[in-house]
1. Just one of Leu362, Leu340, Leu356 is open to solvent by less than 70 Å² (accessible area, probe 1.4 Å), of a type in the set (A, V, I, L, M), under 38 Å from the mean Cα position of the chain (by Cα) and modelled with pLDDT of 90 or more; which is it?
2. Of everything in the range 309-334, what is crowded, with 16+ Cβ neighbours inside 10 Å and closer than 20 Å to Leu247 by Cβ? Give them in sequence order.
3. Starting from the range 176-204, keep only residues that are closer than 30 Å to Ser257 by Cβ, then list their pairs with residues that are outside any strand (DSSP E or B) and open to solvent by less than 100 Å² (accessible area, probe 1.4 Å) whose Cβ atoms are within a distance under 8 Å, requiring at least 6 positions of separation or different chains.
4. Scan the range 267-282 and report the pairs whose first residue is of a type outside the set (Phe, Trp, Tyr) and whose second residue is at pLDDT below 90, with Cβ atoms within less than 7 Å and a gap of 6+ or a chain change.
Amino acid sequence: MSEEITKIKDAIVEDVATKVKVAKQEAIDESAKELVAKEAEILGKVTKSEDFEAFKAAIGKQVDEMDLKMQKNVKEKTKGVVSMTQALTEAFEEESVAKTIKSIANGGKQTEPIRIEVAKAAVDLTTANTIGAGATQVTITQNTGIVSTIRQRVEKYLANVSVGSIGTNRALWVEENDEQGNPIFIAEGAAKTQLSVKFVEKTKEVQKVAVYGKVTTEMMGDTPQLISYIQNNLVKRVSVATENQLLSGDNTGENLSGLKTYATSFSAGSLAGTINNANEFDVLEAVRLQVEIANGMANAIFVHPASLAAMKLVKDTTGVPLWKSYADNQGNITYGGMQLITSTGVPVGEFFGGDLSVVNVLFRDG
């Protein structure tokens, strides 16, 4: 083949290759038209038939190779998105499979298993291997705003005593400590009996209970409902600790003077040793009597929930629970004018209370 013809052939092949890479049918058709035109031009320059045949064979081979590459590229690019039907069709069109199936259809004998491999394998459609498999899992996570809290007891002390406020660090009050003289009935013009009372000033220092908690500003910005809970949790724990002191504080050091410390000790008085088969209701009667003898009006008793449960199990001789005789429609028990108030701040088996109208609690700061 002459040098001039070889150059023309190479130019045509390169031009066709460039357009085949575009992978568009119209580009291929256009290149084919140009090839025919070039052939017509070259034929006038080819003088030997063997040169023409060699030239035509070389062009055909190059185009065939590029066409095969193009088909392979297109197949590989679309393989990942084929449907299940397309994947099965391609599997059945494999030469070995098609040949075996055709042989069986024509009455032949199957000598080995037909192996069909489908690249598009089915998987379980679960969150774990779909949206949850990557960073996009956050799109299916929603903050409910719910905080599962640690249970704290319900405070009941302050709701049953007198509560006020104070502006300094010491409280002062006056107690009537002693009385002198006795009033008597007298005749007209007789000397009157002189009476007096001793007033004693009492003071009590204000005690402080305080806590603090630390949290980052990022956490405050990301989880406002959690921050609100943390703040409320701290306040709640302070309130429970305060109520513990109001009930049982021993008045030493920084401790408050609790109800158990300053209240008059229980005394059954004339009832001591006189009650057969004594139970918790008999204790309440003795408390009521003791308060009344001291010129008070018993109105409340704090008890542990376990103590109240034991009282509810006490029955009369006919098997009827005694507490039902003293309960209202809500199940609240009032005995001798004293409402029974449950609190885990009271030890099991003990009773705190009597006339709570004399109890005062003052707060300097909220």
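1. From the options Leu362, Leu340, Leu356, the qualifying one is Leu340.
2. Listed by number, the residues that qualify are Met311, Ile333.
3. Pairs found: Glu179/Leu195; Gln180/Leu195; Ser196/Gly181.
4. So the pair list comes out as Asp282/Ile275.
The values are calculated or read from the model by the stated rules, or taken from the named source; none is laboratory data. As the structure is a computational prediction, the values presented were derived from the model and not from experiment. Counting neighbours? That spans all protein chains shown, and the Cβs are built from the backbone with ideal geometry, glycine included. For the accessible areas, the whole protein counts, side chains as well, though only heavy atoms, and no ligand, DNA or RNA atoms are used. Shrake-Rupley method; radii C 1.70, N 1.55, O 1.52, S 1.80 Å.
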